[in-house]
Amino acid sequence: MSWHCDTRKQTMPSSVKIVVSGGLGAGKTTFVGAVSEIGPLVTQAETAEPIVVLDDPQRRADWKPTTVPVDVGRIDLDSSLLLYLFGAPGADDLAWLWDDLAEGALGAVIVVDTSRVHDGHAALDYCARHGTPFVVAVNHARGSARADLGEVRAALALPDWIPVLECDASRRDSVKDVLVALLEQVLSHRADHCVARSAG
């Protein structure tokens, strides 16, 4: 087999997708913006006009958006592979968007605010129902109180094999560590499925 590559041929880059979800104000937009090379962009479902939306730590859990914002980020892994990050809306009444966002995704990052850990339940339940590999990123950005990861795992009733990671959603290196952990989880998930199919 030859690995020679003819650099004269122009090829369109392939793309993969990761969904970033969690409760309202957990830090999803900040997370996407920390690593994105194009943004952060946020689009609205009603119009094609891009807007910039930042997480508001003072926003309460009963806040309802008047539009449907979706964070969009992109990382150029190399000239042939693009990684897109899509931030799923955190409001329960916008969960109908998750099917479109999650379709074809490698996996998901669930961002959890330490002051409202239980807000992550809806996204966790969705991933569990659809067999989507995911990791939980406990966001300590904006000077929020640090939480014991074991307590977060217990509060969300997560099994030991689901990674629960500390994260500062405003720091690029911290977000990259979470994405690497997700990719490792995806590979493990796929390996388990291959073993199960072989055994069947």
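Table for the structure above
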| item | result |
| --- | --- |
| Test: C127 is surrounded by 15 or more Cβ atoms within 10 Å (Cβ to Cβ), closer than 21 Å to I75 by Cα and under 13 Å from the mean Cα position of the chain (by Cα) | no |
| Test: residue in region 82-89 that is at pLDDT below 80, within 25 Å of R146 (Cβ to Cβ) and touching a Leu at 6+ places or on another chain (Cβ under 7 Å) | no |
| Total residues in region 158-176, condition assigned to a loop (DSSP other than H, G, I, E, B) and open to solvent by 80 Å² or more (accessible area, probe 1.4 Å) | 3 |
| Condition broken by L94, with the remaining ones in (1) among the hydrophobic types (A, V, I, L, M, F, W, C); (2) modelled with pLDDT under 80; (3) surrounded by 12 or more Cβ atoms within 10 Å (Cβ to Cβ); (4) assigned to a loop (DSSP other than H, G, I, E, B) satisfied | (4) |
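Here is a yes/no grid of residues against (1) more than 18 Å from L24 (Cα to Cα); (2) in contact with a Cys (Cβ under 6 Å, 6 or more places away or on another chain); (3) modelled with pLDDT under 85:
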site	(1), (2), (3)
T114	no, no, yes
L124	no, no, no
G143	no, no, yes
L187	yes, no, no
C194	yes, no, yes
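The values are calculated or read from the model by the stated rules, or taken from the named source; none is laboratory data. The shown structure was predicted, so the numbers you read here are calculated from the model rather than taken from an experiment. Note: ideal-geometry Cβ built from the backbone for every residue, glycine included; neighbour counts use all protein chains shown. The protein model used for the area step is the full one, side chains on, heavy atoms only, and it has no ligands, DNA or RNA in it. Shrake-Rupley method; radii C 1.70, N 1.55, O 1.52, S 1.80 Å.
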